[in-house]
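Heads up, the thing below is written out as structure tokens.
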Amino acid sequence: MTVPSPVGPQLTSRIDEVLSRIDSAATRVGRDGADITVLLATKTRTPQQIAAVIEVLRERGRTAAVGENRAQEMAKHEDPLLAGNGVPRHFIGRLQTNKARDVVAFAEMIHSVDRDDIAEALQRRAEQAGLTREVLVQVNTSGEESKGGYAPSLDTVLPVVERLRDSANLRPTGLMTIGANTSDDAAVRASLSSLRELRDGVCERLGLDDFAQLSMGMSGDLEIAVEEGATIVRVGSAIFGPRPT
Ligand SMILES: *Cc1c(COP(=O)(O)O)cnc(C)c1O
């Protein structure tokens, strides 16, 4: 296993490569790449690596966030290299009700609300902690069984968003998905564009004016995601290098 050096020309060039992929895709559809939040998927990465990437994104004038998807790795974000750096912390992984309290304490935005009992646990824990948390509803737009998320239909998603809207300590601000895991670009695009259509449908039906987030796009499909309207792309390996196994 080779560990990439935390700061170095290799890391900087990978970051610039990702930013230029985002920018080119944005330009193709008349968007500004700098408006898209670059969320660093930080699983298995060290505080040194994460801090180095944040520094480069700052220099480039980009909006960054960190997204942890393993509850047991949230503690590493308290490292002095990261604590108090002002970069918003998000949670992007599979949620378990017994971790809801820790996740609420950690993350100002939780992307992966994929079951009703999770929404209830998050509300209860946020209320106990006296916190308000932004939440995204995770939708399984690919139909792949390995993936969490509500079914991609307005009939399913609307009542979920309504319940979240009525939860005093949660604020639903959009939708999240993991795109289809295939080299067939058309299938990926279909799954990601369906998330945008769902978001637009929710906004229209519920008259929400702050339900704009589309968290979609990872290292392999971020161009398609940006073209289809992503507001947050979640990037791991394209920036940090292959994940240590
Ligand atoms: C790991 C992860 C990502 C980033 O994946 P890469 O392919 O490494 O960019 C994005 N979203 C979620 C939910 C993840 O767990």
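Points worth noting:
- Dimensionless Rg over Rh [segment 9-236; C-alpha; Kirkwood]: 0.95
- Note on the chain: dipole from Cβ charges, positive end direction compared against Ala186, Thr27, Ser112; the farthest Cα belongs to Ser112.
- Charge sum, other residues only, whose C-beta stays under 11 Å from Arg94's C-beta, Lys/Arg counted +1 and Asp/Glu -1: +3
- Net lengthening on full extension, Thr182/Ser20 (0.36 nm per residue, minus Cα-Cα): 56.0 nm
- Dividing the summed -39500 (n - 2.57) terms of all DSSP H runs of n ≥ 4 by the residue count of the chain sets its mean residue ellipticity at 222 nm at -12500 deg cm²/dmol.
- Order of Leu131, Leu192 - criterion: other Cβ atoms within 10 Å of each residue's Cβ, fewest first: Leu131, Leu192
Read-outs throughout are calculated quantities, based only on the coordinates presented, and are distinct from any laboratory measurement. This structure is a prediction, so every number in the text was calculated from the model and none was measured. Cβ sites come from the backbone with ideal geometry, for glycine too, and all protein chains shown count toward neighbours.
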